[in-house]
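Q: Below is a structure I'd like to ask you about.
Derivation of every value follows stated rules applied to the coordinates shown; laboratory data play no part. Predicted model only: the values in this text are computed from it and were never measured. Note that each Cβ is placed from the backbone with ideal geometry, even for glycine, and that neighbours are counted across all protein chains shown.
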Amino acid sequence: MACIEARGLRKAFGTTIAVDGVDLRVEEGRILGLIGPNGAGKTTALNAILGLTPYQGELRVLGRDPWSNRDQLMRDVCFIADVAVLPRWIRVSQALDYVAGVHPRFDRAKAEGFLAKTTIKRASKVRELSKGMVAQLHLALVMAIDARLLVLDEPTLGLDILYRKQFYDSLLNDYFDRTRTIVVTTHQVEEVQDVLTDLMFINRGRIVLSCSMEEFESRYLELMVRPENIVAARALRPIHERQVFGRTILLFDRADRQQLAALGDVRTPSIADLFVAVIGNQTGQAQGAAR
Amino acid sequence: MTTPPNAMCESPQGIESQRIPPEPIVTTRPLYWSIRREIWENRSIYVAPLAAAGLGMLAFFINLLFLPRMMRGTSAHHGPMSGTAMLAMPYGHLAWLLLPTAFIVGVFYSLDALHGERRDRSILFWKSLPVSDLTAVLAKASIPLVVLPLLVFGIAVFLQLVMWQLSIAVLLISGTGASTFWTQLPLFQMELVLLYGLIVLSLWHAPVYAWLLLVSAWARRATFLWAVLPLLAIAAFERIAFRTFHFGSFLGDRLFGFAPKAFAFKTPDGVPVDPHFIPLTQLTPGKFLSTPGLWLGLIVAAVLLAAAVRLRRYREPI
């Protein structure tokens with residue numbers, strides 16, 4: 001069964017179309033990265049998936065209609081929204097009590113175990129914790145829930161590099177077990193490159209690229225071309241071209257690796273580079289979009 | 001605490017261990033925990049009544065000094081006041097101190113209940129848990145309608161028992177004798193009347209709190225102004241345009257109209273009853289329950305709460 005299935009998903013705010021007819025299918029056991037510039041419609045799409053906003057079109061999450069069944073759905077779905085949303089007045093112990101009291105799939109011992117690895121004190125209030133600790137607390141709560149879908153919307157925003165690394169490490173090592181599904185949006189694309197199993201670019205409310213990471217690696221190649229081969233390389237129709245330290249780097253979609261290797265150094269591009277190429281070509285304002 | 005039985009032994013590489021959907025769901029109590037969470041967040045729910053009670057007790061201690069003299073004197077000095085009413089006065093004062101406190105706390109709590117969670121964005125956390133909007137709103141509504149009245153009752157009963165024992169102790173020590181006091185202060189009856197009054201208030205004010213909760217779910221800012229000013233504006237408009245005061249008296253009735261319906265302030269002989277001690281015989285529950293305004297108010301409260309539930313479902317963080 002598909003974990004998330006959307007057909008013609010659409011959401012408009014007044015005259016602004018945030019999500020414009022998205023078709024989407026996420027199988028169980030995948031880690032999908034939803035990447036897009038600010039205002040691309042990522043959060044709106046996620047809100048629809050989480051039952052936080054009404055929408056047009058067809059959408060099933062774990063076989064349910066999220067808008068009419070949010071509270072039922074939340075037994076099987078967890079999410080961390082784009083900003084720290086843990087109430088500032090709550091104590092760590094109260095947060096544990098509350099989630100244990102309302103969530104049938106919450107394993108308190110597990111959450112305590114995760115917290116034991118941190119310096120977070122039970123009696124502390126959220127307002128007394130650092131940003132990184134709040135993220136750790138929220139992750140501990142969420143990881144102790146035996147959910148089938150976890151949605152993370154910019155979960156590491158504003159965290160320093162140590163916390164960000166730790167966040168994805170614990171997510172992969174302590175949580176992901178190949179039966180769960182994770183959907184994550186982030187601007188820190190290079191951090192999730194090795195985490196994802198699937199990749200999706202979204203721009204102006206539409207999906208502009210959707211592939212598995214295996215596909216990504218076999219399909220896209222980056223060529224650091226030797227100066228004398230530049231005309232020959234351009235003849236192979238790269239989708240993007242950029243200059244780094246005076247060298248020209250070309251990005252190819254479905255090119256022959258052997259053929260490219262003859263013209264320079266070939267490697268798999270980073271998601272960030274592909275993002276700039278795909279979205280940049282679309283919007284004509286590539287610079288700064290990926291960050 | 002509540003641990004799903006197979007949560008720990010689930011192996012990551014269990015290809016064969018297909019997820020069995022009907023796991024035994026641990027029974028949860030979303031409403032109970034949602035109410036507790038409200039009390040955690042809003043400590044004024046119990047701090048304010050306790051503070052008022054503390055003030056009342058302080059005043060009582062001072063009053064206690066005069067008790068022996070009062071018991072020795074005759075009630076004639078106190079005009080038409082009966083001996084019982086005079087003795088009951090500090091006890092009644094305590095209740096009169098607690099009731100308005102609870103009302104004010106309830107009003108400000110309700111105005112913030114569905115607004116604060118949007119303002120601090122924590123609504124995204126609450127909505128990430130399997131608690132329906134209906135449960136969340138009912139938990140919030142139950143604070144002014146159930147929790148505060150119960151709290152007031154509990155505090156009042158406890159403190160009045162303490163006051164009663166202290167009074168007797170003072171009278172015995174001063175040698176005045178406590179027998180008159182013992183027989184004339186109908187403590188149990190006073191508690192029953194207080195309980196009745198709290199239920200009456202809660203039912204009568206239900207639409208007031210429901211309105212405040214609705215505004216709190218709807219307004220982006222200045223919930224107090226949105227809750228109060230439009231009502232005053234309507235009353236003023238009516239006054240100026242038609243020189244009538246129907247809406248204004250309707251508002252007044254909604255705030256204070258319970259009293260003449262739930263209590264008889266005159267005995268059948270036409271003697272006025274002292275408000276410090278209303279005997280059980282002066283309660284008129286039949287009249288109160290047959291007031292159409294009560295039932296209309298409850299229907300309006302239900303409609304307003306349903307609207308608040310719906311708004312909470314649609315509303316996003318501010």
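Q: Inside 10 Å of the C-beta atoms of A:64-76, what's the mean count of C-beta atoms belonging to other chains? Working shown, then result.
A: On the way: counts 0, 0, 0, 1, 1, 1, 7, 10, 2, 1, 6, 4, 2.
Average neighbour count from other chains, rounded to a whole number: 3.
Q: All other residues with a Cβ under 14 Å from the Cβ of residue A:74 taken together, and with Lys, Arg as +1 and Asp, Glu as -1, what is their net charge?
A: Values: positive: A:64, A:70, A:75, A:105, A:148, B:127, B:313; negative: A:65, A:71, A:76, A:146, B:133.
Net charge around residue A:74: +2.
Q: If you don't mind, there's one more thing I want to ask. Could you work out the mean count of beta carbons from other protein chains within 10 Å of each residue's beta carbon in A:86-95? Don't skip to the answer; put the middle values down first.
A: Working: counts 5, 11, 3, 7, 5, 1, 0, 0, 5, 3.
For this peptide, the per-residue mean of nearby foreign Cβ atoms is 4.
Q: Can you pull the mean other chain C-beta count within 10 Å for peptide B:126-138? Before the final figure, lay out each step's value.
A: Details: counts 4, 10, 17, 12, 14, 7, 5, 2, 1, 2, 1, 0, 0.
Taking all residues of B:126-138 together, the mean is 6.
Q: Please list log₁₀ I(q)/I(0) at q = 0.12, 0.13, 0.19, 0.26 Å⁻¹ for the stretch A:215-283, using the Debye equation with identical point scatterers on the alpha-carbon positions.
A: Each listed q maps to, in turn, -0.26, -0.31, -0.67, -1.23.
Q: Apply the Karplus curve 6.51 cos²θ - 1.76 cosθ + 1.60, θ = phi - 60°, to the phi angles in the stretch A:267-279 and return the couplings in whole Hz, x for Gly and Pro.
A: Values, residue by residue: 8, 6, x, 7, 4, 4, 5, 5, 4, 4, 5, 6, 6 Hz.
Q: Oh, and also: Which order results if B:163, B:70 are arranged by neighbouring Cβ count within 10 Å, fewest first? Intermediate values should be presented prior to the final figure.
A: Values: B:163 21, B:70 18.
Listing B:163, B:70 from fewest to most nearby Cβ atoms yields B:70, B:163.
Q: Taking only pairs that are 8 or more places apart or on different chains, how many Lys pairs in the protein assembly as shown have Cα atoms under 24 angstrom apart?
A: So the count works out to 22.
Q: Below 8 Å between Cα atoms, with a sequence gap of 6+, how large is the relative contact order for chain B in percent? Working shown, then result.
A: Values: 296 pairs, mean separation 80.2, N = 318.
Taking the mean separation of contacting Cα pairs over the length of chain B, I get 25 percent.
Q: If you don't mind, another one. As a footprinting exposure proxy, order B:256, B:108 by other Cβ within 10 Å, with the fewest listed first. Working shown, then result.
A: Working: B:256 10, B:108 17.
Lowest count first: B:256, B:108.
Q: Based only on other Cβ atoms within 10 Å, what is the fewest-to-most ordering of B:60, A:79? Walk me through the intermediate numbers first.
A: Working: B:60 20, A:79 24.
Neighbour counts put them in this order, fewest first: B:60, A:79.
Q: Which net charge results when you count Lys and Arg as +1 and Asp and Glu as -1 among the other residues whose beta-carbon is under 13 Å from that of residue A:195? Show your work: numbers first, answer last.
A: On the way: positive: A:30, A:164, A:165; negative: A:169, A:190, A:191, A:194, A:198.
Charge balance near residue A:195 sits at -2.
Q: What residues have an amide H closer than 5 Å to that of residue A:255, excluding those fewer than 5 places away on the same chain, when H is modeled at 1.01 Å from N in the peptide plane?
A: Under 5 Å from the amide H of residue A:255 lie the amide H atoms of A:221, each far enough along the sequence or on another chain.
Q: List the residues, sorted by chain then number, that are 5 or more residues from residue A:150 or on another chain and whose placed amide H is less than 5 Å from its amide H.
A: Here A:78, A:181, A:182, A:183 satisfy the definition.
Q: Please label the shape of chain B as rounded, prolate or oblate, based on the square roots a ≥ b ≥ c of the eigenvalues of the alpha-carbon gyration tensor (a/c under 1.5 means rounded; beyond that, a/b larger than b/c means prolate, else oblate).
A: Oblate, since a/c reaches 1.5 and b/c is not below a/b.
Q: Starting at the first residue of the stretch A:123-135, write each ³J(HN,Hα) from the Karplus equation 6.51 cos²θ - 1.76 cosθ + 1.60 with θ = phi - 60°, in whole Hz, x for Gly and Pro.
A: Whole-Hz 3J(HN,Hα) from phi for the stretch A:123-135: 7, 5, 8, 4, 5, 8, 8, 6, 3, x, 5, 4, 5.
Q: Report, for the protein assembly as shown, the % of DSSP beta bridges that are antiparallel, rounded to 5. All intermediate terms of the calculation are to be shown ahead of the outcome.
A: Numbers: 40 of 57 bridges.
About 70 percent, rounded to the nearest 5.
Q: Right, next: Using amide H atoms built in the peptide plane, which far-off residues or other-chain residues are under 5 Å from residue B:318 H to H?
A: Distant-sequence amide H within range of residue B:318: B:119, B:121.
Q: A further question on this structure: Given the peptides A:169-176, A:31-38, arrange them by the average over their residues of other C-beta atoms within 10 Å, most packed first.
A: Values: A:169-176: 15.8, A:31-38: 22.4.
Order by mean packing, descending: A:31-38, A:169-176.
Q: So for each of B:63-69, A:98-104 I average, over its residues, the number of other beta carbons within 10 Å; can you give me the resulting order with the highest mean first? Walk me through the intermediate numbers first.
A: On the way: B:63-69: 14.1, A:98-104: 22.3.
Top to bottom by mean Cβ count within 10 Å: A:98-104, B:63-69.
Q: To the nearest 500 deg cm²/dmol, what mean residue ellipticity at 222 nm is calculated for the protein assembly as shown from DSSP H runs of n ≥ 4 alone, each contributing -39,500 (n - 2.57), summed and divided by the residues? If you can, show how the numbers build up before the last one.
A: Values: 25 runs with 308 residues, N = 609.
Mean residue ellipticity at 222 nm (helix-derived): -16000 deg cm²/dmol.
Q: Next up: Counting pairs of alpha carbon atoms under 8 Å apart in space and at least six apart in sequence, what relative contact order in percent does chain A give? Don't skip to the end; give the middle numbers.
A: Working: 538 pairs, mean separation 58.2, N = 291.
Relative CO of chain A lands at 20 percent.
Q: Another question, then. Could you let me know the centre-to-centre spacing of the stretch A:177-243 and the stretch A:95-110, using Cα atoms, in angstrom?
A: 39
Q: Under a plain spin-label model, where a point goes 7 Å from the Cα along Cα-to-Cβ, how far apart in nm are residue A:236 and residue B:62?
A: In this crude spin-label approximation the distance works out to 9.4 nm.
Q: Report the calculated FRET efficiency for residue A:262 and residue A:210 (r = Cβ-Cβ distance, R0 = 41 Å), to the nearest 0.05.
A: Working: r = 31 Å, r/R0 = 0.76.
Given R0 = 41 Å and the Cβ-Cβ separation, E is 0.85.
Q: State whether the stretch A:145-206 is rounded, prolate or oblate according to the following rule on the C-alpha gyration tensor (a ≥ b ≥ c being the square roots of its eigenvalues): a/c under 1.5 gives rounded; otherwise a/b larger than b/c gives prolate, and the remaining case gives oblate.
A: Because a/c hits 1.5 or more and a/b fails to exceed b/c, the stretch A:145-206 counts as oblate.
Q: First check a/c for the stretch B:150-246, with a ≥ b ≥ c the square roots of the eigenvalues of its C-alpha gyration tensor; if it is under 1.5, answer rounded, and if not, answer prolate when a/b is larger than b/c or oblate otherwise.
A: Values: a/c = 3.77, a/b = 2.68, b/c = 1.40.
The shape class here is prolate.
Q: Quick one: of the DSSP bridges fully inside the stretch A:2-204, what percent are antiparallel, nearest 5?
A: The antiparallel proportion sits near 50 percent.
Q: OK, next. Under the Karplus relation 6.51 cos²θ - 1.76 cosθ + 1.60, θ = phi - 60°, what is the ordered set of whole-Hz ³J(HN,Hα) values for the stretch B:43-56, x standing for Gly and Pro?
A: Result, ordered by residue: 6, 4, 4, 10, 5, 5, x, 5, 5, 4, 5, x, 4, x Hz.
Q: Loop only by DSSP, 15 or fewer other Cβ within 10 Å of the Cβ. Give me the chymotrypsin sites (Phe, Trp or Tyr not before Pro) in the stretch A:183-257 that pass, ordered by residue number.
A: A:245
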